[in-house]
Amino acid sequence: MNYITEKEFSLIKDYIKKNYGISLGADKKSLVYSRLKNILDKNGLSNFTEYYEYLVNDKTGMASMTFIDKMTTNHTFFMREIDHFEFLKETVLPKIEKTEPNKDVRIWCAGCSSGEEAYTLEIILDEYFKNKGSWDTELLATDISTAVLSKAIKGRYTKEQIKPLNENWKEHYFKSVNNRQVEVIDRIKKNITFRKFNLMEKHFPFKKKFQVIFCRNVMIYFDDATRAELVKKFYDASEKGAYLFIGHSETLNNIDTDYEYIMPAVYRKS
(Lines give C-alpha, C1' and ligand atoms only; values in the text may rest on other atoms or scores of the structure.)
Protein backbone atom coordinates (compact mmCIF):
# COMPACT_ATOMS: atom_id res chain seq x y z
CA MET A 1 0.00 0.00 0.00
CA ASN A 2 1.68 3.21 -1.14
CA TYR A 3 -1.10 5.77 -1.46
CA ILE A 4 -4.15 7.34 0.16
CA THR A 5 -7.19 8.14 -2.00
CA GLU A 6 -9.01 11.47 -1.93
CA LYS A 7 -12.00 9.79 -0.29
CA GLU A 8 -9.80 8.25 2.40
CA PHE A 9 -8.03 11.54 3.01
CA SER A 10 -11.42 13.21 3.34
CA LEU A 11 -12.48 10.66 5.98
CA ILE A 12 -9.32 11.26 8.02
CA LYS A 13 -9.62 15.03 7.58
CA ASP A 14 -13.23 15.03 8.81
CA TYR A 15 -12.38 12.78 11.74
CA ILE A 16 -9.57 14.96 13.08
CA LYS A 17 -11.62 18.12 12.60
CA LYS A 18 -14.66 16.74 14.38
CA ASN A 19 -12.78 15.22 17.31
CA TYR A 20 -9.80 17.52 17.79
CA GLY A 21 -10.58 20.75 15.95
CA ILE A 22 -7.56 20.43 13.67
CA SER A 23 -8.08 21.59 10.10
CA LEU A 24 -6.05 19.85 7.40
CA GLY A 25 -5.61 21.52 4.04
CA ALA A 26 -5.46 19.63 0.76
CA ASP A 27 -1.67 19.93 0.85
CA LYS A 28 -1.52 17.70 3.95
CA LYS A 29 -2.45 14.50 2.12
CA SER A 30 1.13 13.24 1.92
CA LEU A 31 1.73 14.17 5.57
CA VAL A 32 -1.27 12.08 6.65
CA TYR A 33 0.02 9.16 4.63
CA SER A 34 3.57 9.36 5.98
CA ARG A 35 2.53 9.72 9.62
CA LEU A 36 -0.08 6.96 9.64
CA LYS A 37 1.36 4.36 7.24
CA ASN A 38 3.24 2.53 9.99
CA ILE A 39 0.03 2.03 11.96
CA LEU A 40 -1.55 0.31 8.95
CA ASP A 41 1.50 -1.92 8.52
CA LYS A 42 1.60 -2.79 12.22
CA ASN A 43 -2.10 -3.76 12.30
CA GLY A 44 -2.14 -5.62 8.98
CA LEU A 45 -4.52 -3.16 7.34
CA SER A 46 -4.57 -3.03 3.55
CA ASN A 47 -5.67 0.55 3.01
CA PHE A 48 -6.81 3.73 4.74
CA THR A 49 -10.48 2.76 4.44
CA GLU A 50 -9.78 -0.26 6.64
CA TYR A 51 -7.76 1.98 8.96
CA TYR A 52 -10.62 4.48 9.27
CA GLU A 53 -13.04 1.68 10.18
CA TYR A 54 -10.54 0.42 12.74
CA LEU A 55 -10.17 3.92 14.17
CA VAL A 56 -13.87 4.77 14.57
CA ASN A 57 -14.89 1.32 15.84
CA ASP A 58 -12.16 0.84 18.44
CA LYS A 59 -13.72 0.84 21.92
CA THR A 60 -10.48 0.76 23.92
CA GLY A 61 -9.40 4.31 23.08
CA MET A 62 -5.97 3.09 22.03
CA ALA A 63 -6.52 3.69 18.31
CA SER A 64 -7.53 7.33 18.79
CA MET A 65 -4.68 7.89 21.24
CA THR A 66 -2.12 6.57 18.75
CA PHE A 67 -3.75 8.55 15.96
CA ILE A 68 -3.49 11.92 17.69
CA ASP A 69 0.03 11.18 18.92
CA LYS A 70 1.06 10.63 15.31
CA MET A 71 -0.86 13.55 13.84
CA THR A 72 0.09 16.36 16.23
CA THR A 73 3.21 18.46 15.78
CA ASN A 74 4.95 19.03 19.09
CA HIS A 75 7.73 21.54 18.56
CA THR A 76 8.72 23.62 21.57
CA PHE A 77 11.77 24.74 23.52
CA PHE A 78 12.76 26.56 26.69
CA MET A 79 12.25 30.35 26.71
CA ARG A 80 10.38 30.32 23.41
CA GLU A 81 9.07 33.84 22.70
CA ILE A 82 10.95 35.20 25.72
CA ASP A 83 9.15 38.56 25.79
CA HIS A 84 6.06 36.77 27.12
CA PHE A 85 7.97 35.43 30.11
CA GLU A 86 9.45 38.88 30.80
CA PHE A 87 5.97 40.42 30.71
CA LEU A 88 4.71 37.72 33.05
CA LYS A 89 7.47 38.44 35.58
CA GLU A 90 7.45 42.23 35.34
CA THR A 91 3.73 42.99 34.92
CA VAL A 92 1.39 40.06 35.47
CA LEU A 93 2.81 38.48 38.64
CA PRO A 94 3.17 41.82 40.49
CA LYS A 95 -0.49 42.52 39.65
CA ILE A 96 -1.54 39.10 40.99
CA GLU A 97 0.56 39.64 44.12
CA LYS A 98 -1.21 42.92 44.84
CA THR A 99 -4.77 41.83 44.06
CA GLU A 100 -5.05 38.13 45.01
CA PRO A 101 -6.24 37.92 48.66
CA ASN A 102 -5.91 34.14 48.97
CA LYS A 103 -2.30 33.94 47.72
CA ASP A 104 -3.47 31.55 45.02
CA VAL A 105 -1.88 31.71 41.55
CA ARG A 106 -3.94 29.94 38.88
CA ILE A 107 -2.12 29.47 35.58
CA TRP A 108 -3.03 27.07 32.79
CA CYS A 109 -0.49 25.98 30.20
CA ALA A 110 -2.73 24.61 27.43
CA GLY A 111 -0.98 22.59 24.74
CA CYS A 112 2.05 22.03 26.95
CA SER A 113 3.70 19.53 24.60
CA SER A 114 6.85 17.98 26.14
CA GLY A 115 6.85 20.32 29.12
CA GLU A 116 9.44 23.01 28.42
CA GLU A 117 6.92 25.85 28.61
CA ALA A 118 5.23 24.50 31.75
CA TYR A 119 8.53 24.08 33.60
CA THR A 120 9.65 27.56 32.52
CA LEU A 121 6.44 29.01 33.95
CA GLU A 122 6.71 27.07 37.21
CA ILE A 123 10.35 28.10 37.72
CA ILE A 124 9.38 31.75 37.16
CA LEU A 125 6.63 31.36 39.77
CA ASP A 126 8.97 29.68 42.23
CA GLU A 127 11.61 32.38 41.81
CA TYR A 128 9.16 35.27 42.04
CA PHE A 129 7.23 34.08 45.11
CA LYS A 130 10.04 32.39 47.08
CA ASN A 131 10.37 35.25 49.62
CA LYS A 132 6.77 36.41 49.58
CA GLY A 133 5.11 34.03 52.03
CA SER A 134 3.06 30.89 51.46
CA TRP A 135 1.73 31.32 47.93
CA ASP A 136 0.08 28.40 46.17
CA THR A 137 1.89 28.34 42.82
CA GLU A 138 0.61 25.05 41.41
CA LEU A 139 0.29 25.02 37.63
CA LEU A 140 -2.04 23.08 35.32
CA ALA A 141 -0.45 21.82 32.10
CA THR A 142 -2.51 19.95 29.51
CA ASP A 143 -2.07 18.40 26.09
CA ILE A 144 -4.03 16.08 23.80
CA SER A 145 -1.04 13.82 23.14
CA THR A 146 -0.28 11.05 25.62
CA ALA A 147 3.18 10.60 24.13
CA VAL A 148 4.38 14.14 24.81
CA LEU A 149 2.70 14.23 28.22
CA SER A 150 4.76 11.22 29.30
CA LYS A 151 7.90 13.13 28.30
CA ALA A 152 6.71 16.21 30.16
CA ILE A 153 5.97 14.27 33.34
CA LYS A 154 9.45 12.76 33.25
CA GLY A 155 10.97 16.22 32.90
CA ARG A 156 14.20 14.97 31.37
CA TYR A 157 16.05 17.02 28.76
CA THR A 158 19.43 17.17 27.10
CA LYS A 159 21.97 19.74 28.21
CA GLU A 160 21.65 21.23 24.75
CA GLN A 161 17.91 21.77 25.30
CA ILE A 162 18.43 23.80 28.49
CA LYS A 163 21.18 25.90 26.91
CA PRO A 164 18.91 29.01 26.62
CA LEU A 165 18.43 29.09 30.42
CA ASN A 166 20.61 31.16 32.73
CA GLU A 167 23.27 29.47 34.86
CA ASN A 168 21.37 30.05 38.10
CA TRP A 169 18.36 28.15 36.78
CA LYS A 170 20.52 25.31 35.49
CA GLU A 171 22.17 25.00 38.90
CA HIS A 172 19.11 25.27 41.12
CA TYR A 173 16.28 23.73 39.11
CA PHE A 174 17.90 20.80 37.32
CA LYS A 175 19.81 17.76 38.46
CA SER A 176 22.30 15.82 36.39
CA VAL A 177 21.23 12.41 35.05
CA ASN A 178 24.31 11.61 33.00
CA ASN A 179 26.86 13.37 30.80
CA ARG A 180 24.18 14.30 28.31
CA GLN A 181 20.92 14.68 30.24
CA VAL A 182 19.43 16.63 33.12
CA GLU A 183 16.11 16.38 34.94
CA VAL A 184 13.85 18.98 36.55
CA ILE A 185 14.07 18.80 40.35
CA ASP A 186 11.22 17.07 42.16
CA ARG A 187 10.06 20.21 44.01
CA ILE A 188 9.20 21.89 40.71
CA LYS A 189 7.70 18.73 39.20
CA LYS A 190 5.35 18.32 42.15
CA ASN A 191 3.90 21.78 41.57
CA ILE A 192 2.69 20.95 38.07
CA THR A 193 -0.39 18.87 37.32
CA PHE A 194 0.00 17.33 33.87
CA ARG A 195 -3.28 16.12 32.41
CA LYS A 196 -4.55 14.89 29.08
CA PHE A 197 -7.21 17.29 27.87
CA ASN A 198 -8.97 17.99 24.59
CA LEU A 199 -9.55 21.71 24.01
CA MET A 200 -12.59 20.78 21.93
CA GLU A 201 -14.53 19.75 25.04
CA LYS A 202 -17.78 21.74 25.04
CA HIS A 203 -17.39 22.73 28.68
CA PHE A 204 -14.17 23.19 30.63
CA PRO A 205 -14.49 21.36 33.98
CA PHE A 206 -12.40 23.74 36.11
CA LYS A 207 -13.75 24.81 39.48
CA LYS A 208 -11.71 28.00 39.74
CA LYS A 209 -11.13 30.64 37.10
CA PHE A 210 -7.61 31.26 35.83
CA GLN A 211 -5.59 34.45 36.13
CA VAL A 212 -3.32 33.47 33.23
CA ILE A 213 -3.69 31.12 30.27
CA PHE A 214 -0.83 30.25 27.96
CA CYS A 215 -2.04 28.66 24.72
CA ARG A 216 0.71 29.38 22.24
CA ASN A 217 1.09 28.00 18.74
CA VAL A 218 -1.96 25.75 19.12
CA MET A 219 -4.69 27.72 17.37
CA ILE A 220 -2.70 27.86 14.11
CA TYR A 221 -4.07 24.36 13.46
CA PHE A 222 -7.72 25.47 13.81
CA ASP A 223 -10.06 27.26 11.43
CA ASP A 224 -11.64 30.63 12.33
CA ALA A 225 -14.84 29.16 13.76
CA THR A 226 -12.96 26.72 15.99
CA ARG A 227 -10.59 29.46 17.17
CA ALA A 228 -13.55 31.68 18.04
CA GLU A 229 -15.20 28.94 20.09
CA LEU A 230 -11.97 28.18 21.94
CA VAL A 231 -11.25 31.83 22.72
CA LYS A 232 -14.75 32.20 24.17
CA LYS A 233 -14.17 29.17 26.40
CA PHE A 234 -10.83 30.62 27.53
CA TYR A 235 -12.59 33.92 28.28
CA ASP A 236 -15.29 32.21 30.32
CA ALA A 237 -12.67 30.16 32.22
CA SER A 238 -10.75 33.29 33.22
CA GLU A 239 -11.38 35.79 35.98
CA LYS A 240 -11.73 39.49 35.24
CA GLY A 241 -8.36 41.03 34.37
CA ALA A 242 -6.85 37.67 33.43
CA TYR A 243 -4.28 37.40 30.63
CA LEU A 244 -4.27 35.18 27.56
CA PHE A 245 -0.93 34.49 25.85
CA ILE A 246 -1.00 33.11 22.31
CA GLY A 247 1.73 32.49 19.73
CA HIS A 248 3.30 35.36 17.80
CA SER A 249 2.09 33.78 14.57
CA GLU A 250 -1.48 33.89 15.92
CA THR A 251 -3.96 36.73 16.36
CA LEU A 252 -7.48 37.39 17.65
CA ASN A 253 -8.07 40.08 15.01
CA ASN A 254 -10.66 38.06 13.08
CA ILE A 255 -12.47 36.89 16.21
CA ASP A 256 -15.41 38.60 17.90
CA THR A 257 -14.14 38.73 21.48
CA ASP A 258 -14.12 41.01 24.52
CA TYR A 259 -10.42 40.34 25.08
CA GLU A 260 -8.42 43.58 25.07
CA TYR A 261 -5.16 43.74 23.10
CA ILE A 262 -2.16 44.47 25.37
CA MET A 263 0.92 43.69 23.30
CA PRO A 264 1.78 41.27 20.45
CA ALA A 265 0.13 37.92 21.25
CA VAL A 266 -1.01 39.05 24.73
CA TYR A 267 -4.62 39.86 25.60
CA ARG A 268 -6.49 40.78 28.78
CA LYS A 269 -10.03 40.02 29.90
CA SER A 270 -11.75 43.37 30.36
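The values are calculated or read from the model by the stated rules, or taken from the named source; none is laboratory data. What you see is a predicted model, and the numbers here were worked out from it, not measured in a lab. We place every Cβ from the backbone using ideal geometry, glycine too, and count neighbours over all the protein chains shown.
Identify, by number, the condition in (1) hydroxyl-bearing (Ser, Thr, Tyr); (2) closer than 23 Å to residue 69 by Cβ; (3) part of a helix (DSSP H, G or I) that residue 128 doesn't meet.
Here residue 128 meets the rest and fails (2).
Among the residues in the range 71-79, are any assigned to a helix (DSSP H, G or I), touching a residue at least 40 places away in the same chain (Cβ under 8 Å) and under 27 Å from residue 225 (Cα atoms)?
Yes, the range 71-79 contains at least one residue that is assigned to a helix (DSSP H, G or I), touching a residue at least 40 places away in the same chain (Cβ under 8 Å) and under 27 Å from residue 225 (Cα atoms).
Which one of the conditions (1) in contact with a strand residue (DSSP E or B) (Cβ under 6 Å, 6 or more places away or on another chain); (2) farther than 30 Å from residue 9 by Cα does residue 77 fail to meet, given that it meets all the rest?
Looking at each condition in turn, residue 77 falls short on (1).
Restricting the search to the range 104-123, which residues are of a type in the set (Gly, Ala, Ser) and either at pLDDT below 95 or not assigned by TED's automatic domain parsing to the domain that holds residue 227 (or both)?
111, 113, 114, 115
In the range 202-247, what residues are assigned to a loop (DSSP other than H, G, I, E, B), of a type outside the set (A, V, I, L, M) and out of contact with any His (no Cβ under 9 Å at 6 or more places or on another chain)?
202, 203, 204, 205, 206, 207, 208, 209, 215, 222, 223, 247
Quick one: residue 245 ticks every box in (1) at pLDDT 95 or above; (2) touching a Lys or Arg at 6+ places or on another chain (Cβ under 9 Å); (3) farther than 21 Å from residue 72 by Cα except a single one, so which number is it?
With respect to (1) at pLDDT 95 or above; (2) touching a Lys or Arg at 6+ places or on another chain (Cβ under 9 Å); (3) farther than 21 Å from residue 72 by Cα, residue 245 is out only on (3).
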